[in-house]
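Just below is one structure, and these are the notes that go with it.
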Amino acid sequence: MKTCSAIASRDFRAFFLFPSGYVVIALFLLGNSIVFMGDVFVQGQPATMRSIFDFDVVLLLFLCPAITMRSICEERRLGTLELISASPASVASFVLGKFLSSLAALVVILLPTLFLVVLLELYGQPDYGEIASGYLGLLLVGSMYLSSGILASVISGSQTIAYLLSVFFFVLLSLGREALPAWTGPDAWSMMKPFDPFLRMQDFTIGLIDSSNVLFFLLVTSWFLLASIAVLESERRS
Amino acid sequence: MVGFLGHNGAGKTTSMRMICGVLPPSEGSILVGGHDLQTHRAQAARIVGYLPEGSPLYPEMRVVEYLRFRSRLYALPDPAEAISTAVDRCGLKDVVKRPIGHLSRGYRQRVGLAAAILHDPSVLVLDEPTSGLDPLQVIEVRQLIEELSADRTILLSTHVLQEVEAICDRVILLARGRLVAEGDLPSLRRESGMEDASLEDLFVALTAKAFSEGGVVS
């Protein structure tokens with residue numbers, strides 16, 4: 001656990017040592033503020049963060065891979081992965097440390113949006129249960145994006161490819177969600193529905209915390225992390 | 001101090017990576033301090049210090065931050081003491097607060113060495129520690145390695161044969177991934193019948209012999 005926290009805290013600090021970290025935070029806040037001013041902060045509109053959360057699910061799809069694209073590619077490029085491999089740290093603690101640092105960065109990215117909740121409180125009566133559910137959903141969806149980004153970073157040789165690979169996967173899933181019913185009919189679509197993360201996120205947005213949705217995101221995140229561990233372990237053994 | 005010699009592609013770096021647990025052996029096993037690297041990698045890693053070629057480091061970190069990170073990676077009981085000892089031994093006192101990316105290659109090599117000895121390993125594996133350094137830096141790093149060899153075994157890979165002649169007690173010569181010769185320099189010269197030969201001539205003769213025979217010489 002000590003090695004895992006060492007890797008996590010090093011990576012977390014490194015995220016804020018590069019301008020890219022601040023650019024990600026600024027872009028996220030800017031995007032949220034635009035949606036808030038255009039869609040939420042309008043007279044007669046309900047005091048809810050729903051449209052913000054709907055927007056964030058898409059925005060995070062592009063921002064989370066930017067957090068993780070450096071993680072393992074950079075260690076490989078610098079040669080520091082070799083030093084980690086020679087240390088007592090296990091591959092599992094290394095991958096988990098990388099994931100925790102990116103999750104902590106995601107929390108920092110989300111934090112400034114609480115200012116929008118304060119504005120809602122000042123001018124309306126927001127439902128805090130719904131807002132908390134939305135943030136939980138964002139963290140779970142974000143975890144899924146981050147873990148897929150880590151896997152992309154493990155299997156690709158460059159940061160750019162890692163970024164594109166991670167974004168491409170979920171964009172493809174999103175497009176499939178739109179196109180599949182037209183091609184294959186409603187039956188095939190209903191079979192795919194349980195695997196649709198965007199549909200599951202909608203429940204969180206309206207304040208519904210369904211344990212099956214929570215489990216889904218945790219399982220998918222775990223799968224990506226375990227796959228990353230397996231790939232790194234196989235590299236060590238070959 | 002053991003010098004690890006061989007032509008490019010002989011298998012020096014691969015062997016070193018295997019000794020440090022970075023790569024697994026294709027067959028057989030490697031014991032470090034009695035610990036099998038395949039089954040007890042973490043225990044073996046605690047008694048081996050490793051400096052890969054080019055001394056990979058995180059350029060954005062300060063020297064002391066990096067050493068702190070490494071001490072946490074090895075879960076050292078007294079990190080402050082370990083860092084202070086390593087900084088003293090490697091002459092890093094003046095640069096501990098500087099970002100690694102701002103240091104000269106010689107200093108970066110020292111930082112790599114400090115990190116490698118942080119957990120006080122009994123075996124230190126150094127892959128071409130003087131490559132890419134200017135002559136003054138080479139002398140400094142070589143002196144440092146000699147000092148470190150006083151209380152530990154050092155396995156040193158280098159292409160600089162004079163370096164081996166100057167500081168190594170024993171030599172291991174590899175060719176085509178196989179052991180070609182092993183021993184101290186006087187006995188290697190004696191066994192090869194080249195008692196007055198330079199290490200360069202000896203290296204060329206033994207490697208050529210291994211290539212012509214296509215296998216292990218001794």
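Okay, here's what the table says:
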read-out	value
Net charge dipole size for segment B:2-168 [Lys, Arg +1 and Asp, Glu -1 on Cβ; Debye, nearest 20]	500 debye
Per-selection Kirkwood Rh - the protein assembly as shown (Cα, Å, 1 d.p.)	25.1 Å
Cβ-based charge dipole, segment B:2-168, positive-most Cα from B:Met16, B:Pro129, B:Gly112	B:Gly112
With Cα atoms, 0 to 90° folded angle of helix A:50-68 axis to chain A main axis	10 degrees
16 Å Cα-Cα reach of A:Lys2 towards lysines, excluding residues that sit fewer than 8 places from it in its own chain	A:Lys98
Estimated dipole of the protein assembly as shown in Debye, rounded to 20 [Cβ of Lys and Arg +1, of Asp and Glu -1, Cα centre]	240 debye
Segment B:1-123: Cα Rg divided by the 2.2 N^0.38 Å rule of thumb	1.12
Helical mean residue ellipticity (222 nm; -39500 (n - 2.57) per DSSP H run of 4+; nearest 500) of chain A	-26500 deg cm²/dmol
Segment B:116-218 shape via C-alpha gyration tensor axes, a/c threshold 1.5	prolate
Helix A:159-184 axis, angle to chain A major axis (alpha carbon atoms, nearest 10°)	50 degrees
Stokes-Einstein diffusion coefficient of segment A:2-237, Kirkwood radius over Cα pairs, 10 °C, 1.306 mPa s, in µm²/s	84 µm²/s
Three-way shape label, chain B, alpha-carbon gyration tensor, a/c 1.5	prolate
Within the protein assembly as shown, percent of DSSP bridges classed antiparallel, to nearest 5	30 percent
Charged-residue dipole, Cβ positions (Lys, Arg, Asp, Glu), segment B:143-202 about Cα centre, Debye nearest 20	360 debye
Separation between Cα centres of segment B:124-154 and segment A:17-68, rounded to whole Å	52 Å
Förster-model FRET efficiency, 60 Å R0, B:Val64 and A:Ala182, C-beta, rounded to 0.05	0.50
Computed over chain B: relative contact order in percent, which uses C-alpha pairs under 8 Å that are six or more apart	27 percent
Of every Cα-Cα pair in segment B:84-135, the percent that sits beyond 17 Å	37 percent
Net charge of neighbours whose Cβ lies under 15 Å from the Cβ of B:Arg152, counting Lys and Arg as +1 and Asp and Glu as -1	-2
Rg in Å to one decimal, and Dmax rounded to a whole Å, for segment A:1-46 via C-alpha atoms	17.3, 52
Shape call, segment A:160-210: gyration tensor on alpha carbons, a/c limit 1.5	oblate
Neighbouring partner chain Cβ atoms per residue of A:84-94, average, 10 Å criterion	6
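Where a number appears in this text, it was derived from the coordinates with a stated rule and is not lab data. Just so it is clear, the structure is predicted and the values come from calculations on it, not from any experiment. Virtual Cβ from ideal backbone geometry, glycine too; neighbours counted across all protein chains shown.
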